[in-house]
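Since the structure comes first, as structure tokens, the remarks are kept for the end.
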Amino acid sequence: MYPLIAKWTILPGNEEKVCEALKKLAADVKENEPGTLLYMVHIPNFNEKSLPTPPAGEVVFFEIYQDQNAFFDHLNGVIFKNFVSEYGSLFLSDFSAVPQVFMTTEVLTSVGGFARAALQ
């Protein structure tokens, strides 16, 4: 198992378009990437208290892959590459010569837990 959390930032004014695109991305990953065991995409709920307050435009991906190879298959696959090509300009980019979507990523080690069938 290869779990991770990634965070991206939507540029102001693009939230609605990005959220619709992220729904399609998640559906495409589910249908076409069997090595992706869990792919959850969330944005902050500002109607609830969160401490510290999350940044506006934050997108949180919680992902679990069968193994590291499945993760790299996702990153290098046509679904993810097409998504970044089509929608990448709607996210905060890094400062490289050829801008890339800026993201933070934390690869995790599981120490316990469960998932209820209700998540299906």
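The values are calculated or read from the model by the stated rules, or taken from the named source; none is laboratory data. All of these numbers come straight from a predicted model, not from anything done at the bench. Using ideal geometry, Cβ is built from the backbone for each residue, glycine included, and neighbour counts are taken over all protein chains shown. Ligands, DNA and RNA are excluded from the accessible area calculation, which covers all protein heavy atoms including side chains. Shrake-Rupley method; radii C 1.70, N 1.55, O 1.52, S 1.80 Å.
Structure data summary
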| item | result |
| --- | --- |
| Every residue from segment 27-59 that is among the hydrophobic types (A, V, I, L, M, F, W, C), closer than 24 Å to residue 89 by Cα and loosely packed, with under 15 Cβ neighbours inside 10 Å | 27, 40, 56 |
| Scope segment 70-86; condition out of contact with any strand residue (DSSP E or B) (no Cβ under 8 Å at 6 or more places or on another chain), closer than 16 Å to residue 27 by Cα and of a type outside the set (A, V, I, L, M); matching residues | 77, 80, 81, 82, 83 |
| Hits in segment 44-59 - residues which are among the hydrophobic types (A, V, I, L, M, F, W, C) and either part of a loop (DSSP other than H, G, I, E, B) or more than 13 Å from the chain's Cα centre (by Cα) (or both) | 46, 51, 56 |
| Those residues of segment 17-43 which are within 13 Å of the chain's Cα centre (by Cα) and assigned to a loop (DSSP other than H, G, I, E, B), in sequence order | 43 |
| Residue satisfying condition, being at pLDDT below 95 and hydrophobic (A, V, I, L, M, F, W, C), within set 70, 118 | 118 |
| Enumeration of residues in segment 71-114 that are among the small types (Gly, Ala, Ser) and open to solvent by 80 Å² or more (accessible area, probe 1.4 Å) | 85, 89, 97 |
| Which numbered condition residue 118 fails, given (1) more than 18 Å from residue 6 (Cβ to Cβ); (2) in a loop (DSSP other than H, G, I, E, B) | (2) |
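Residues are listed down the side, and each one gets a yes or a no for (1) in a loop (DSSP other than H, G, I, E, B); (2) of a type in the set (S, T, N, Q); (3) in contact (Cβ under 8 Å) with a residue 60 or more places away in the chain:
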{"position": "61", "(1), (2), (3)": "no, no, no"}
{"position": "84", "(1), (2), (3)": "no, no, no"}
{"position": "87", "(1), (2), (3)": "no, no, yes"}
{"position": "113", "(1), (2), (3)": "yes, no, no"}
